[in-house]
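Here the structure is laid out as structure tokens; the discussion comes afterwards.
The values are calculated or read from the model by the stated rules, or taken from the named source; none is laboratory data. Since the structure is predicted, the reported quantities are computational estimates derived from the model, not experimental observations. Positions of Cβ are generated from backbone atoms using ideal geometry, with glycine treated the same way; all protein chains shown enter the neighbour counts. The accessibility values were calculated without ligands, DNA or RNA, using every heavy atom of the protein model including side chains. Shrake-Rupley method; radii C 1.70, N 1.55, O 1.52, S 1.80 Å.
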Amino acid sequence: MLKIDTQAAIDRLLRFLVVPGITGKEGNIAKEIGEALKSAGVPPKSIRHDDANTRIPMPTQTGNLVVNIPGAGALANAPRQLFMTHLDTVPLCAGAKPVRKGKKIVNEAETALGGDNRTGCAVLVTLAAELIQQKLSHPPITLLFTVREESGLFGARFLNPAEFDDVSMGFNFDGRSADDVIIGAVGADRWEVELYGKASHAGVAPERGISAMMILAHAMTDIQANGWWGKILKDGKEGSSNIGPVGGKNDGTAGDATNVVTDFVLVKGESRSHDARFFKAITNAYKDAFSTALKKVLDHEGKPGKYKFTSRTDYYPFKISEKAAVVAKANRAVAAIGRTPNIRVANGGLDANWMVKHNIPTVTFGAGQNDIHTVKEWVDLVEFEAGCQLAVALATGT
Ligand SMILES: [Zn+2]
């Protein structure tokens with residue numbers, strides 16, 4: 001196994017953890033990583049931003065950070081490999097104060113730490129540093145640091161695939177353990193429904209009103225009774241669903257006062273499955289439930305309320321064949337660092353969902369994230385170091 005400078009790798013991770021960069025605001029962390037790449041020996045002219053942010057439908061400070069490193073040594077003309085990770089952290093990470101405690105990095109602030117995904121950022125910069133400083137033989141490599149992963153995989157979704165058309169396979173670092181070889185992930189819809197009832201005085205003439213809240217209650221009862229709620233197992237298919245925010249007009253509450261029949265409710269939810277048709281079926285079950293619920297809440301003249309249901313696919317499910325070259329290479333590299341590959345699929349979306357959609361078969365590994373998106377988040381430095389070793393093994397192995 002190749003020796004790598006683990007102290008330098010940990011220093012990089014600590015350096016990246018203190019720079020804020022919540023989703024959509026990746027400007028500063030991109031700059032810091034650019035500086036770290038230059039001090040690792042990457043020529044400034046090979047570091048650039050793409051224009052994905054001009055297509056992302058939300059304000060985003062910068063495009064994805066893209067770095068092309070020419071091949072070297074005996075593998076100089078081998079097919080190009082992509083190493084990727086995401087730059088952004090969840091908003092809960094703002095203000096993190098990372099400190100090292102033995103083989104862990106923990107947080108002194110009451111925030112999330114941001115190991116998701118500064119561990120991945122430090123792995124990629126360490127890879128560049130080791131390849132250059134040890135003058136290792138490797139194929140041409142593209143490093144891709146995506147923006148806005150946490151808010152919906154937007155950087156990966158809106159990159160320009162033509163800029164990556166010579167890439168043969170991809171390796172994404174975004175997870176817990178370096179032995180995890182993640183070859184598939186769920187697909188998901190996000191949906192929202194506007195429920196329109198009719199306001200009336202809740203004490204004087206409640207029968208003249210139509211409660212949008214009661215329409216929602218009927219729909220949710222129906223969803224649960226028919227097996228479409230939470231963890232879903234139906235006809236051998238699996239999926240999940242949830243209702244998240246419930247609110248009113250202009251980001252206000254659902255319902256304005258206790259003495260007014262609630263005339264409007266806005267509900268947001270999601271559907272997930274590894275089966276591309278099944279998550280659509282879940283979304284349709286919700287749509288039907290709202291439509292049916294309307295008929296159960298009528299005013300004094302027997303009139304129902306109305307609804308407007310919209311959904312969009314957030315990302316598509318994928319599963320790479322265990323016989324694919326990218327999986328074989330992943331398994332060899334995990335074995336090369338002295339570990340046993342654990343092939344699995346993920347129940348959350350990954351940037352890899354979009355890379356596969358862009359025709360780049362991409363396997364995802366972990367590099368030490370733990371208890372992500374919580375104030376208990378910490379980094380396991382044993383897994384982080386293994387992640388760095390793994391990246392070097394992938395780039396230098398055959
Ligand atoms: Zn992540």
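Shape class of region 25-170 from the alpha-carbon gyration tensor: oblate, with a/c at 1.5 or above and b/c at least as large as a/b. The fraction of accessible area contributed by carbon and sulfur in region 1-149 is 56 percent, rounded to a whole number (1.4 Å probe; ligands and nucleic acids excluded).
Counting 0.36 nm for each residue step from Asp275 to Asn242 and taking away their Cα separation leaves a gain of 10.2 nm. Per residue, the average separation of C-alpha pairs within less than 8 Å and at least 6 apart gives the chain a relative contact order of 23 percent.
Two tests apply to each whole DSSP H helix in the chain, Cα reach of 15 Å or more along its axis and mean Kyte-Doolittle hydropathy of at least 0.5, and the ones passing both are 115-133, 212-225, 325-336, 381-396. For region 130-182, which trypsin sites (Lys or Arg not before Pro) are in a loop by DSSP, counting at most 16 other Cβ atoms within 10 Å? Here the sparse-neighbourhood loop sites are Lys135. Counting only aspartates and glutamates at least 8 places from Lys237 when in the same chain, those with an alpha carbon closer than 14 Å to its own are Asp275. Report note on the peptides 346-354, 109-117: ranked by the mean count of other C-beta atoms within 10 Å, highest first, their order is 109-117, 346-354.
The packing ranking of peptides 369-379, 50-60, 355-365, highest mean first, is 355-365, 369-379, 50-60, where packing means the average number of other beta carbon atoms within 10 angstrom of each residue.
Each helix, a run of at least 4 DSSP H residues, gives -39500 (n - 2.57); summed and divided by the residues of the chain, these come to -9000 deg cm²/dmol at 222 nm. Using a simple spin-label model with pseudo-atoms 7 Å out from Cα toward Cβ, Ala325 and Asp288 lie 4.5 nm apart. Taking the average, over residues, of other Cβ atoms within 10 Å as the packing measure, peptides 205-212, 190-197 rank 190-197, 205-212 from highest down.
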